[in-house]
Amino acid sequence: MERTFERRPGTAIDDETKHTYVALWLLKKLDLTPEDGGMSFPVSLPAELSPLDEPLQQLAVDELVQINLKTGRYDLTKRGIAYLGQVIDEASDMVDELDDLETEEAIAELRARGRDVFRARYLWGWFDGEFDDLVLWQEQRGIRPVERLWAFYLTGDDLWNELARELEESAG
């Protein structure tokens with residue numbers, strides 16, 4: 001039976017799209033060194049990271065990560081590294097092309113090209129490190145209350161609804 005994803009009322013994106021963006025966030029964290037903000041994720045996640053269990057398991061099923069039996073942690077696979085490289089190239093090219101434009105102009109240009117503006121916004125922030133610290137991101141935007149359990153914020157709807165709200169405001 002094939003899974004179907006619908007957009008639930010009150011959500012900016014459907015669950016499949018959210019799973020894709022959460023996966024990209026996780027892959028980036030696994031790729032970076034701890035000094036650069038990277039993280040490692042144990043197979044048995046602590047309660048505060050429990051929302052990441054399903055996305056990490058799906059990444060393993062998709063062969064983008066694997067369980068390192070020695071460390072009991074998830075590691076990127078060659079396939080995961082290649083996929084991450086493709087997305088980094090996509091984001092880097094977009095930033096290079098649109099960086100000199102004002103936000104409204106960039107949105108108009110993306111729409112004129114038939115590009116998914118929400119994906120572009122997410123990839124831009126993901127690439128630039130804007131979402132690396134989700135607690136700080138909420139604080140900088142004045143979001144109240146701040147969800148300090150960032151894994152719940154990443155996998156919930158509030159982050160994605162905030163990005164959609166921002167795009168609506170930027171589009172005029």
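At-a-glance table
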read-out: Failed item, numbered, when GLU109 is tested on (1) free of Cβ contacts under 8 Å to residues at least 60 places away in the same chain; (2) closer than 23 Å to LEU64 by Cβ; value: (2)
read-out: Set THR77, THR71: member being of a type outside the set (Gly, Ala, Ser), surrounded by 15 or more Cβ atoms within 10 Å (Cβ to Cβ), more than 23 Å from GLU147 (Cβ to Cβ) and more than 17 Å from the chain's Cα centre (by Cα); value: THR77
read-out: Options GLU48, GLU63; residue that is farther than 25 Å from ALA91 by Cβ, of a type in the set (Asp, Glu), touching a helix residue (DSSP H, G or I) at 6+ places or on another chain (Cβ under 7 Å) and surrounded by fewer than 18 Cβ atoms within 10 Å (Cβ to Cβ); value: GLU48
read-out: Those residues of the range 126-172 which are over 21 Å from ALA91 (Cβ atoms), over 14 Å from the mean Cα position of the chain (by Cα), assigned to a helix (DSSP H, G or I) and of a type in the set (Asp, Glu), in sequence order; value: GLU139, GLU168, GLU169
read-out: Considering residues of the range 82-94 that are surrounded by 15 or more Cβ atoms within 10 Å (Cβ to Cβ) and among the hydrophobic types (A, V, I, L, M, F, W, C) only, the residue farthest from LEU123 (Cα to Cα); value: LEU84
read-out: Residue in the range 102-117 that is within 17 Å of the chain's Cα centre (by Cα) and under 23 Å from GLU16 (Cα atoms) present; value: yes
read-out: Members of the range 130-172 found to be among the aliphatic types (A, V, I, L, M) and more than 24 Å from GLU105 (Cβ to Cβ), listed by number; value: LEU134, VAL135, LEU136, ILE143, VAL146, LEU149, ALA151, LEU154, LEU159
read-out: Cross-chain or 6+ apart pairs with Cβ under 9 Å, the range 64-93 first and within 15 Å of TYR21 (Cβ to Cβ), then surrounded by 11 or more Cβ atoms within 10 Å (Cβ to Cβ) and among the hydroxyl-bearing types (Ser, Thr, Tyr); value: LEU64/THR77; LEU64/TYR83
read-out: Of all residues in the range 97-128 being among the small types (Gly, Ala, Ser) and surrounded by fewer than 13 Cβ atoms within 10 Å (Cβ to Cβ), the one that is farthest from ASP15 (Cα to Cα); value: ALA112
read-out: The range 1-20: number of residues that are more than 21 Å from GLU168 (Cα to Cα), modelled with pLDDT of 90 or more and among the hydroxyl-bearing types (Ser, Thr, Tyr); value: 1
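The values are calculated or read from the model by the stated rules, or taken from the named source; none is laboratory data. Computed from a prediction, not measured in an experiment: that's the story for all the values here. Note that each Cβ is placed from the backbone with ideal geometry, even for glycine, and that neighbours are counted across all protein chains shown.
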